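Worksheet for the structure shown next.
The values are calculated or read from the model by the stated rules, or taken from the named source; none is laboratory data. Because the structure is a prediction, the values reported are computed rather than measured. Cβ placement follows ideal geometry from the backbone for every residue including glycine, while neighbour counts extend to all protein chains displayed.
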Amino acid sequence: MSRQGVVAREDDAAGEGAGGGHRRQGKAGRFWSTRRAPGGITALLLLAGIGFLLYDVASVRAGRPGMAWRRTLTDELATRRLDDVFVMAGAAAAAALGLWLLVLALTPGKRSLLTMRPDTPQVRAGLERSAAALVLRDRAMEVPGVRGARVTVRRRKVRARAQAHFRDLDEVRTDLEGALRDGVEQLGLARRPRLSVRVRRPGK
Amino acid sequence: MLRTVNRVLTALSGLVLLALGLAVLFAAAGLPHRWGVSMPSDWPWTRPGDVLLTDADRTRWRDEGWWWPVVIAVLAVLVLLTLWWLLAQLRRRRQSEALIDSGDGEGAALRGRALEDVIAAEAEAQPGVDRARVTLTGRRDRLRARVGLVLAAHARPGPVVHQLRHEAIRHAVDSAGLDTLPAEVRLRTARHRAERVS
């Protein structure tokens, strides 16, 4: 074991000793997607287009006849006016596609993954929204009187809809709110979502 | 690394497409004339009657000796670059070996798969965890772990992560003599029916 390792582990232990679950440690930023799919598709299309052009240019240089598509393409480019419908549609499509690629490149993505509080050293954790919803639904079902519950978790808001088949509705709502507030706390999320609870009698 | 490359190149492609599209639409709507904007003298698109690429523009340098070699070289470089970019998407980075400092100056290599399996097995033994998958990444003397956990019903995600760090990961770090093992943990659940407890 290296000395460095010992030091790192001691730091670790000291960090734990410092206590409280709400310590800020590390960063609690979003999870950023690798954007494999947009990158891959863009690369594939570019490769196909440039590859074709290169092949044709090279084969013409080597003395073979060029392919027909290049002749057609240059004719179209040189004759269609800018206010031609096809040119304008193409330009609009290119602009829209470009805007979309920019948005994909600059936004984090991974919207279904909620960042958890960075209070465990050297661990960066994320909780799927569906998992958070399921955990909270389980908590809601433990409240006396609740017969069925639907929980939806958005990035900043948790919505719980429950049906209570006995007990006073207000009591059930109070208990449910308490249970869910506790449940949300135990999700350990970096950014605590707002909670909205609604309790009804089951429909007849 | 790949994330940065993907985002920079995607942003560049998007920027080029957006700029081209807007420039053509700008001229097609006759806006330079209407707004009194004077475009640079060799700007190709200023009036709705212009075309995308005139024959004169296309063949301007055709008779120069350097033109075709330069075109071919630029295209070839672009082909190689996009090919590399495409292949980078297909490669999964996984570290198959961990370097262990055995204390005698020799060192030893530990199979990454073995370390992954040990961490996963210990994580699965934890209350609240149904299944665990561990992948080692990073360099072999500076490993990182990616952990995917499937939570059981009635699990508490916060404490589960805490326990994972202080048992499975801590034990792996101690037994393999690693300096540290930073981990990225993702939690999900298997869908299960709602059940009344009381």
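Applying the selection to segment B:161-179, what residues are closer than 16 Å to B:V134 by Cα, of a type outside the set (A, V, I, L, M, F, W, C) and facing another protein chain (nearest Cβ under 7 Å)?
B:R165
Does B:W85 satisfy the condition of being more than 30 Å from B:A176 (Cα to Cα), outside any loop (DSSP other than H, G, I, E, B) and in contact with a Ser or Thr (Cβ under 9 Å, 6 or more places away or on another chain)? Give the steps one after another, and end with the answer.
Values: more than 30 Å from B:A176 (Cα to Cα): yes; outside any loop (DSSP other than H, G, I, E, B): yes; in contact with a Ser or Thr (Cβ under 9 Å, 6 or more places away or on another chain): yes.
For B:W85, the condition - more than 30 Å from B:A176 (Cα to Cα), outside any loop (DSSP other than H, G, I, E, B) and in contact with a Ser or Thr (Cβ under 9 Å, 6 or more places away or on another chain) - is met.
A:G178 passes all but one of (1) part of a loop (DSSP other than H, G, I, E, B); (2) of a type outside the set (D, E); (3) farther than 30 Å from B:G14 by Cβ; which number fails?
(1)
Quick check: is even one residue across segment A:62-81 more than 29 Å from A:L176 (Cβ to Cβ), of a type outside the set (S, T, Y), touching a Gly at 6+ places or on another chain (Cβ under 7 Å) and not assigned by TED's automatic domain parsing to the domain that holds A:T152?
Yes, that holds for at least one residue.
Within 30 Å of A:A133 (Cβ to Cβ), in contact (Cβ under 8 Å) with a residue 40 or more places away in the chain and not in a strand (DSSP E or B) - does that describe any residue in segment A:77-100? Can you show your working first?
As a first pass, look at segment A:77-100 and keep what is within 30 Å of A:A133 (Cβ to Cβ): A:100.
The next check asks that each one be in contact (Cβ under 8 Å) with a residue 40 or more places away in the chain; those that pass are none.
Scanning segment A:77-100 turns up no residue that is within 30 Å of A:A133 (Cβ to Cβ), in contact (Cβ under 8 Å) with a residue 40 or more places away in the chain and not in a strand (DSSP E or B).
Just one of B:G158, B:G103, B:G138 is facing another protein chain (nearest Cβ under 7 Å), modelled with pLDDT under 90 and outside any loop (DSSP other than H, G, I, E, B); which is it?
Just one listed residue meets the conditions, B:G158.
In segment A:131-156, how many residues are more than 7 Å from every other protein chain (Cβ to nearest Cβ) and under 18 Å from A:P193 (Cα atoms)?
Result for segment A:131-156: 12.
Inspect all residues belonging to segment B:46-54 and state whether any of them is more than 9 Å from chain A (Cβ to nearest Cβ), out of contact with any helix residue (DSSP H, G or I) (no Cβ under 7 Å at 6 or more places or on another chain), of a type in the set (S, T, N, Q) and not in a helix (DSSP H, G or I).
no
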